[in-house]
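Structure, as structure tokens:
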Amino acid sequence: MPHAVTRDKVRLYFEEAGSGTPIIFLHEFAADYSNWEPQMRYFSRGHRCIAYSARGYTPSDVPPTADAYTYKHFYTDALTVLDHLAIAKAHFVGLSMGSYSSLQIGLNAPQRALSMTLAAVGSGSDLENLEAFRKQCQANAEQFETIGSAEVAKVTREAPSRISFMLKDPRGHADFYAALARHDAKGSANTMRGFQGGRPSIYTMTDAIKKVSTPALIICGDEDENCIGPSLFLKAHLPASGLAMFPNAGHVLNLEEPALFNEMVERFIALVEASRWGMRDPRSMMPH
């Protein structure tokens, strides 16, 4: 199986399809590389597409301790995959946890990003509730270790931001949680402790975000309440960003609304590649 190896000797499993300008897909906490299959099949018709499992998600390696799961590890791992494939620049398409990592590429390695799609981004960013969120992450980590992934999948399958997916596509929703049930419990626990519970809130990065000129598409489901505020915040501060709000949609946007997601991302990437997605014109801004 193809793997890229990180500086700390973690092997990352990836798959690729198609040829052309590269697109790399970064998955969410409850997913892995396989959850991008609808996008791999669609976008590989015109692009070189890469999807990989983050550290802690088989068939990638599962480091044993939480200190190997910081947000810095996660965004640099994406660059490791590109380096392994000798790809200098790519379009980054992320969902949730993967969107946070894509944003970090824009902040720390903008020369590697042709664009960034930030879907379902920013949960857990609210500064007033940040400590409560981090405590919940620790509790969730202990839950994975205590009862295992299969039981956690049963408990979380009706989380508020997942209900619309369940109602629209019960079969797809069931497949999604059947996959989560197979996740490595130690990897999920460490990701919850290190990445989810340790990453800085995007609200603390305002000045840095204002300097990011990378073309950005922010996508949010209007029933994904934890991500609406952060999505609006990013639209206000990322200079070359656009915001798409999907109606009656929750968190797992690429699977819940695959046709709409693919159409929106395809249009965005086409405009970027035609040099028609620029910085916001100051004349469009209301005085404050």
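Return the residue satisfying two criteria in turn: it lies in the range 124-137 and is of a type in the set (S, T, N, Q) and over 22 Å from T214 (Cα atoms), and of such residues it is nearest to the chain's Cα centre (by Cα).
Going through the qualifying residues, I end up with Q136.
If I filter the range 262-273 for residues that are in a helix (DSSP H, G or I), in contact with a Lys or Arg (Cβ under 8 Å, 6 or more places away or on another chain), surrounded by 15 or more Cβ atoms within 10 Å (Cβ to Cβ) and not polar (S, T, N, Q), do I get at least one hit?
No: zero hits.
Can you tell me which residue within the range 242-277, out of those that are among the small types (G, A, S) and without any contact (Cβ under 8 Å) to a residue 40 or more places away in the chain, is nearest to F176 (Cα to Cα)?
The qualifying residue nearest to F176 (Cα to Cα) is A259.
Of all residues in the range 109-144, how many are within 30 Å of D83 (Cα to Cα) and of a type outside the set (D, E, K, R)?
Looking only at that region, the number is 14.
Among residues belonging to the range 40-64 that are farther than 20 Å from H183 by Cβ and touching a helix residue (DSSP H, G or I) at 6+ places or on another chain (Cβ under 6 Å), point out the one that is surrounded by the fewest Cβ atoms within 10 Å (Cβ to Cβ).
Per the criteria, the residue is Y42.
If you scan the range 152-174, which residues turn out to be loosely packed, with under 15 Cβ neighbours inside 10 Å and closer than 27 Å to Y75 by Cα?
T156, A159
Can you name every one of the helices (runs of 4 or more DSSP H) wholly within the range 12-116 that holds 3 or more residues which are under 17 Å from N262 (Cβ atoms)? Break it down into steps so the answer makes sense when it comes.
Details: elements: 37-43, 71-84, 97-108.
Counting at least 3 such residues, we get 37-43.
Within the range 127-173, track down each residue that is charged (D, E, K, R), modelled with pLDDT of 95 or more and not in a helix (DSSP H, G or I).
D169
With (1) within 27 Å of E37 (Cα to Cα); (2) out of contact with any Ser or Thr (no Cβ under 8 Å at 6 or more places or on another chain); (3) surrounded by 12 or more Cβ atoms within 10 Å (Cβ to Cβ) as the list, and L232 as the residue in question, which single condition is left unmet?
Result: L232 fails condition (1) only.
Give the residues of the range 82-109 that are more than 28 Å from K235 (Cβ to Cβ) and in contact (Cβ under 8 Å) with a residue 40 or more places away in the chain, sorted by residue number.
Within the range 82-109, D83, H84, L85, I87 qualify.
Among the residues of the range 105-122, what is the count of those that are buried (at least 24 other Cβ atoms within 10 Å of the Cβ), on the phi < 0 side of the Ramachandran plot and not hydrophobic (A, V, I, L, M, F, W, C)?
So the answer is 3.
Go through the range 190-218 and report how many residues are farther than 30 Å from E145 by Cα, assigned to a helix (DSSP H, G or I) and within 18 Å of the chain's Cα centre (by Cα).
2
It is to be established whether one or more residues within the range 222-237 are basic (K, R) and outside any helix (DSSP H, G or I).
No, that holds for no residue.
The values are calculated or read from the model by the stated rules, or taken from the named source; none is laboratory data. Only a predicted model underlies this, so the values are computations on that prediction, with no experimental measurement involved. Glycine also receives a Cβ, built like all others from the backbone with ideal geometry; neighbour counts cover every protein chain displayed.
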